[in-house]
Amino acid sequence: VVWGVTTKVTTALSGVGGFNVGDGTDADRWGAAVGWANHSRSDNANWTANTVQCFPSGGNVVLTATSGTATAGVVEICVFYDNAESEYA
């Protein structure tokens, strides 16, 4: 069960006007129009989906530029999740 995803730009992104944080099916589930500048962050205030998602198998966190093409930069991604099976073992 994925509780949420947060991001932090640790090195400013070049070539983009911002980015969305999604799961491959919902492009901005965990962040819409996140800034490109150093120290820009996304958290639950940026989420567009307000339900906890249970994914049946491993998935991807997908960053999509809102404009342009990223040519440089670093984004730190943190996924908050709970492995429900471990509670019943």
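The values are calculated or read from the model by the stated rules, or taken from the named source; none is laboratory data. As the structure is a computational prediction, the values presented were derived from the model and not from experiment. No Cβ is skipped: glycine too gets one built from the backbone with ideal geometry, and neighbour counts run over all protein chains shown. The area values use the complete protein model at the heavy-atom level, side chains included, leaving out ligands, DNA and RNA. Shrake-Rupley method; radii C 1.70, N 1.55, O 1.52, S 1.80 Å.
Using a Gaussian network model of the chain with C-alpha springs under 10 Å, which one of Asn60, Asn38, Asn46 is most mobile by mean-square fluctuation?
Of Asn60, Asn38, Asn46, the Gaussian network model singles out Asn60 as fluctuating most.
Ignoring any ligand, DNA or RNA, what whole percent of the accessible area of the chain comes from carbon and sulfur when the probe is 1.4 angstrom?
Within the chain, the accessible surface is 51 percent carbon and sulfur.
Just to check I understand the Karplus step: with θ = phi - 60° and J = 6.51 cos²θ - 1.76 cosθ + 1.60, what whole-Hz values come out for region 73-83, glycine and proline as x?
After applying 6.51 cos²θ - 1.76 cosθ + 1.60, I find x, 9, 10, 8, 10, 10, 9, 9, 8, 9, 8 Hz.
Output needed for the chain: three equivalent-ellipsoid semi-axes, defined as square roots of 5 times the C-alpha gyration tensor eigenvalues, in descending order, whole Å.
Three semi-axes, in Å: 26, 12, 11.
Using a 1.4 Å probe, what is the accessible area per residue for the chain, in Å²?
On a per-residue basis, 63 Å².
Once label points are set 7 Å from the Cα along Cα→Cβ at both Arg41 and Thr69, what is their separation, rounded to one decimal in nm?
Computed distance between label sites Arg41 and Thr69 equals 3.3 nm.
Rank Gly22, Gly35, Gly68 by mean-square fluctuation in a GNM of the chain with C-alpha springs under 10 angstrom and give only the top-ranked residue.
Checking each option, the largest mean-square fluctuation is seen for Gly68.
Taking springs between alpha-carbon atoms closer than 10 angstrom, which of Ala27, Ala45, Ala65 fluctuates most in the Gaussian network model of the chain?
Ala45
Between Asn60 and Tyr81, what is the label-to-label distance in nm when each label sits 7 Å out along the Cα-to-Cβ direction?
1.5 nm
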